[in-house]
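Below you'll find the structure, written out as structure tokens, and then a few comments.
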Amino acid sequence: LYVDQPLGAGQAVAVGPEQATYLFAVMRLAVGAGVLLFNGRDGEWLARVVDAGKRRGALVCEAQTRALQLPPDLWLLFSPVRKERTNFIVEKAVELGVSRLMPVTTRFTQSERWRQDKQLAHAIEAAEQCGATSVPQVGDVQPLERALAGWPEGRVLIWADEALAGSGTGAAALTGVDAGTQGAILIGPEGGFSDDEKALLRGLPFVRPISLGPRILRAETAAVAALVLWQMAAGD
Ligand code: SAM
């Protein structure tokens with residue numbers, strides 16, 4: 001269970017109304033029951049229920065069960081698509097391991113709807129479900145050009161370029177990538193990238209275009225494929 005509170009031996013953790021309903025009504029946990037907690041900073045902790053009210057309660061941390069495990073230092077830049085598919089991208093990115101989600105708008109972006117708070121909650125849920133001890137940063141939507149203009153030195157950007165579909169797989173673009181590489185993956189919208197965007201991307205020294213195989217994939221499939229290729233190259 002994710003809590004936005006410090007965790008440590010003997011640390012008391014307050015339980016708010018929503019989590020109280022889940023823990024004490026849905027899961028039927030009573031005083032003395034154990035709950036695994038994480039906050040994205042202090043690893044995973046076993047906590048005991050000490051108060052199980054209807055609308056609130058309290059836990060006390062006993063012992064750390066796992067140290068903090070950070071995902072690869074990998075950002076995912078993608079263009080928001082339809083709601084369920086955007087949710088899918090967020091969920092799979094958390095499961096496969098990214099440190100930051102960066103929605104970007106491009107010329108052919110169909111949906112600029114991105115609720116940062118809702119998507120953070122969605123990322124937390126995905127982290128809880130897959131046993132992660134951290135939650136990626138969830139950025140606000142911004143134009144692709146702006147994200148590229150402020151690009152940090154030393155971070156490689158793997159650009160999923162649909163024009164390369166059919167020219168092998170991505171192995172070559174990932175040469176030299178290992179567990180310590182600072183990276184990012186860029187996935188376009190359903191309409192692909194415009195000519196201007198392609199020209200911009202081709203001219204940037206930190207960009208490496210990648211093919212994701214012989215067929216044109218949907219944006220959410222492309223995100224999963226690229227993340228898996230990165231994971232295989234980086235080794236975690
Ligand atoms: N409308 C575009 C076209 O027909 O060429 C296809 C866009 S595709 C649905 C969405 C995004 O997924 C692309 O912008 C690209 O980033 C990525 N993508 C899909 N298939 C790919 C492939 N085989 N290789 C590299 N990137 C791919």
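Observations on the structure shown:
- Phi angles across region 135-149 convert, under the Karplus curve 6.51 cos²θ - 1.76 cosθ + 1.60 with θ = phi - 60°, into 3J(HN,Hα) values of 10, x, 5, 10, x, 8, 5, 8, x, 3, 4, 5, 4, 6, 5 Hz, Gly and Pro given as x.
- Farthest toward positive dipole pole in region 137-233 [+1 Lys/Arg, -1 Asp/Glu at C-beta], among A165, A199, G139: A165
- Relative contact order [Cα under 8 Å, 6+ residues apart], the chain, whole percent: 19
- Pairs of Cα atoms farther than 28 Å apart, the chain, %: 38
- Estimated from the Cβ-Cβ distance and a Förster radius of 25 angstrom, the FRET efficiency linking R113 and Q231 is about 0.30.
- Separation of the D73 and E125 label points, Cα + 7 Å toward Cβ, nm: 3.2
- Assuming charge only on the beta carbon of Lys and Arg (+1) and of Asp and Glu (-1), the dipole of the chain about its Cα centre is about 440 debye to the nearest 20.
- Euclidean distance of C-alpha centroids, region 27-104 and region 157-236, integer Å: 28
- For region 183-222, the list of trypsin sites (Lys or Arg not before Pro) that fall in a loop by DSSP and count at most 11 other C-beta atoms within 10 angstrom reads R215.
- Net dipole in debye of region 12-66 [+1 Lys, Arg Cβ; -1 Asp, Glu Cβ; about Cα centre; nearest 20]: 160
- Counting only alpha carbon atoms, the long axis of helix 116-130 and the longest principal axis of the chain meet at about 70°.
Bear in mind these aren't lab numbers, they're just calculated from the coordinates by the rules spelled out. Since the model is a prediction, treat every value here as computed from it, not as a measurement. Methodologically, a virtual Cβ is constructed for each residue, glycine included, from the backbone with ideal geometry; neighbour enumeration extends over all protein chains shown.
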